[in-house]
Amino acid sequence: MKNTASYGSPEVLLPEMIEYLSRGEGFWLVVTGTSMCPTLLHEKDSVFIEPLTRELRLGDIPLVLSYDRHCILHRVIQIDEGAFFMQGDALVNREGPVPDSCILGVATLRRRRGKINGLSRKRSIYVVVSRLWTQGKAWGIRAARQCIPLSLRKHTNNHIKNSKYRRK
């Protein structure tokens, strides 16, 4: 197991990653990008990538080589006959179908501030709530609004009316 995390462009890292995985070894990779927040944090987390030795399951986070030679770490949200669909925890759109041949490995561990934890195959409640809130679907907003007690809604509206920052 390589103990230091790799960081850099896919063109530089790809040969090294393929070499490790073909020998059946894993490696640490620094996370770049915000598409998997809050599960994986940009340049603060690193993930341990292992060769895929089993069938991919819902919730797994595979390392995928895209058609334009970028490496992507997104969660599997749907599997259909040899192809799968992925989505970043902080994204609304899904990607796919992605064929099995594009999988390089699968992320199994996360290292954050020196602590190593297993990666959950479930999305955090934060991701679910924020997705409901930000998608702007009428049913989602209405449902979320109904969860807020009426007394609190009135208090909030009065607070806004009396605020010096309100629109005139």
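No value in this document is a laboratory result; all are computed from the given coordinates. Everything numeric in this text was worked out from a predicted model, so none of it was measured. FYI the Cβ positions are ideal-geometry reconstructions off the backbone, even for glycines, and counts take in every protein chain you see.
The conditions of being loosely packed, with under 15 Cβ neighbours inside 10 Å and on the phi < 0 side of the Ramachandran plot are not met by VAL106.
Of the residues making up the stretch 68-97, those that are part of a loop (DSSP other than H, G, I, E, B) and among the small types (Gly, Ala, Ser) are GLY82, GLY88, ALA90.
Pairs linking a residue in the stretch 42-60 that is more than 21 Å from GLY82 (Cβ to Cβ) to a residue that is of a type in the set (Lys, Arg) and exposed (fewer than 15 other Cβ atoms within 10 Å of the Cβ), with Cβ atoms under 7 Å and 6 or more positions apart or on different chains, are LYS44/ARG112; ASP45/ARG112.
Checked against the criterion of being within 19 Å of SER120 (Cβ to Cβ), over 15 Å from the mean Cα position of the chain (by Cα) and exposed (fewer than 14 other Cβ atoms within 10 Å of the Cβ), the candidates GLU55, GLU50 yield just one match: GLU55.
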